[in-house]
Structure formats: C-alpha cells, structure tokens
Amino acid sequence: MTVQVVLPGVLADLAGGCKHLDVDPSGGTLADVLDELAIRHPMLGRRLRDETGRVRRFVNVYVDGDDVRYLAGLSTTVRDGAQVQVLPSVAGG
C-alpha cells in the first residue's frame with residue numbers, strides 16, 4: 001500500500017525538502033503512516049507528534065480532505081492511494 005503525504009514548505013524542510021512523499025506504511029491507519037514518516041525523517045516525526053505519540057495540538061492532519069480530529073484520530077483508516085496532508089496551525093490576530 002502506498003500513501004502520499006503532502007507537507008508545506010516549513011515541514012518539507014524536515015523531510016529533505018520534499019513536499020510530496022510516497023509512504024508505504026506497515027498497516028492501514030494514520031498512526032502507521034506517521035510511524036513510517038518518523039522512521040524515515042525523525043525530526044519531522046518529532047514535530048508532528050509529542051512524547052506520548054499523540055498528534056501535536058497545533059498540527060492539523062487530513063486524510064483525503066477530512067480532518068482526522070472528526071474521524072478516528074490516529075486510528076483513522078488510510079486506504080491505498082490516499083492523500084494525507086499535514087499542516088501546522090496558523091495563529092494570529
């Protein structure tokens with residue numbers, strides 16, 4: 001199974017400058033995709049998840065356009081060919 005992970009420039013820098021990564025996770029959940037990313041790009045993995053393995057509060061993750069916070073979080077099913085988009089939150093005023 002292959003999943004495409006899309007990263008904005010600030011996070012792509014932590015993945016060797018790649019904005020689009022093809023990932024072959026060991027399982028079919030978002031957690032599996034993020035585990036594989038962390039193996040390949042440890043600094044990126046630390047930026048996305050905290051010490052307990054949870055997605056950091058100010059990181060938004062979408063699977064095929066759906067916010068995983070409203071799905072099953074890290075247990076969200078990721079199908080073959082899915083697109084996972086990772087975006088840091090933007091705050092300001």
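The values are calculated or read from the model by the stated rules, or taken from the named source; none is laboratory data. In this text the structure is predicted, and so the values were computed from the model without any measurement. Neighbour counts run over all protein chains shown; Cβ positions are idealised from the backbone, glycine included.
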Take the residues of the stretch 1-30 that are in contact with a Pro (Cβ under 8 Å, 6 or more places away or on another chain) and closer than 17 Å to Arg79 by Cβ: which is modelled with the lowest pLDDT?
Met1
For the stretch 31-38, does any single residue satisfy the condition of being surrounded by 11 or more Cβ atoms within 10 Å (Cβ to Cβ), modelled with pLDDT of 95 or more and more than 11 Å from the chain's Cα centre (by Cα)?
no
For the subset of the stretch 1-10 comprising residues that are more than 10 Å from the chain's Cα centre (by Cα) and of a type in the set (A, V, I, L, M, F, W, C), which member is surrounded by the fewest Cβ atoms within 10 Å (Cβ to Cβ)?
Val10
Considering only residues that are under 17 Å from Gly28 (Cα atoms) and surrounded by 11 or more Cβ atoms within 10 Å (Cβ to Cβ), which ones fall in the stretch 80-91?
Ala82, Gln83, Val84, Gln85
Please list, ordered by residue number, the helices (runs of 4 or more DSSP H) wholly in the chain having 1 or more residues that are in contact with a helix residue (DSSP H, G or I) (Cβ under 8 Å, 6 or more places away or on another chain) and of a type in the set (Val, Ile, Thr).
30-40
Kindly check whether there is at least one residue in the stretch 39-52 that is among the basic types (Lys, Arg), surrounded by 13 or more Cβ atoms within 10 Å (Cβ to Cβ) and farther than 22 Å from Met1 by Cβ.
yes
